[in-house]
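The values are calculated or read from the model by the stated rules, or taken from the named source; none is laboratory data. Predicted, not measured: the structure shown is a model, and the values here were computed from it. Every residue, glycine as well, gets a Cβ built from its backbone with ideal geometry; the counts of neighbours run over all protein chains shown.
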Amino acid sequence: MRVFLHSRSLHGISAQIPILLPTGIYYIVAMDFPVDKEARIIDLPKFLDSRGNLSFVESSNQIPFAMKRCYWIYDVPGGELRGSHAFKKQHEMIIALSGSFDVLVHDGKRKQRFSLSRSYYGLYLPPMHWRTLDNFSTNSLALVLSSERYDEEDYLWDFDLFLREAACR
Ligand code: TYD
């Protein structure tokens with residue numbers, strides 16, 4: 001368990017106590033996982049078995065946030081894109097449960113393409129990452145785990161506005 005002082009409330013982390021210091025409000029944060037700022041592939045546990053394989057995620061354990069919602073994208077016609085927006089607050093993990101697709105990620109400074117095709121890899125995306133899903137194979141199934149309930153106010157749809165807001169962080 002890590003305990004530290006942070007200058008602002010951290011999303012998706014429940015154990016935080018506000019304290020008032022002369023320099024402002026700070027939060028004592030206790031958590032079992034590091035706060036990530038970068039998109040990255042997380043290796044999920046896998047149990048290989050002759051009867052079929054099994055992988056899993058637990059909130060705040062294999063994924064660096066507490067999960068509040070999951071949704072999935074399926075039956076995507078060839079050549080279609082999904083996403084093309086960023087989230088202001090929510091963290092997410094994207095897993096290719098079946099088939100394959102790419103996630104094009106922009107963090108405000110650089111672009112990266114992640115190709116997902118294995119159900120034991122999760123792409124973790126912190127808030128303020130512009131992401132577009134494309135290159136869907138036939139019968140692909142994208143699972144998205146999110147730190148927040150659905151909130152249309154959390155979406156940034158304008159790429160130029162996203163770049164400006166990302167530059168201020
Ligand atoms: P959207 O997030 O725009 O899809 P994508 O980014 O994958 O292209 O969502 C599409 C529609 O689904 C939109 O009308 C809102 C609705 N929706 C919900 O009601 N709840 C949810 O959790 C999500 C993800 C979407």
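Observations
- Leu81 meets all of the listed conditions (1) without any contact (Cβ under 8 Å) to a residue 12 or more places away in the chain; (2) in contact with a Leu (Cβ under 8 Å, 6 or more places away or on another chain) but one, namely (1).
- Residues that are more than 20 Å from Asp36 (Cα to Cα), away from the ligand (no atom under 12 Å from the Cβ) and among the aliphatic types (A, V, I, L, M), drawn from the range 138-169: Leu141, Leu161
- Exclusive hit being more than 25 Å from Asn139 (Cα to Cα) and either among the aromatic types (Phe, Trp, Tyr) or away from the ligand (no atom under 16 Å from the Cβ) (or both), set Ile28, Ile41: Ile28
- Pairs meeting the criteria (first residue in the range 62-78 and polar (S, T, N, Q), second residue part of a loop (DSSP other than H, G, I, E, B), beta carbons under 6 Å, at least 6 apart or on different chains) are Gln62/Leu44.
- Residue within the range 107-122 that is within 14 Å of the ligand (Cβ to nearest atom) and surrounded by 15 or more Cβ atoms within 10 Å (Cβ to Cβ) present: no
- Filtered by the rule that a residue be closer than 18 Å to Arg149 by Cβ and either touching a Pro at 6+ places or on another chain (Cβ under 9 Å) or not assigned by TED's automatic domain parsing to the domain that holds Leu141 (or both), the range 78-109 gives Ala86, Phe87, Lys88, Lys89, Gln90, His91, Glu92, Met93.
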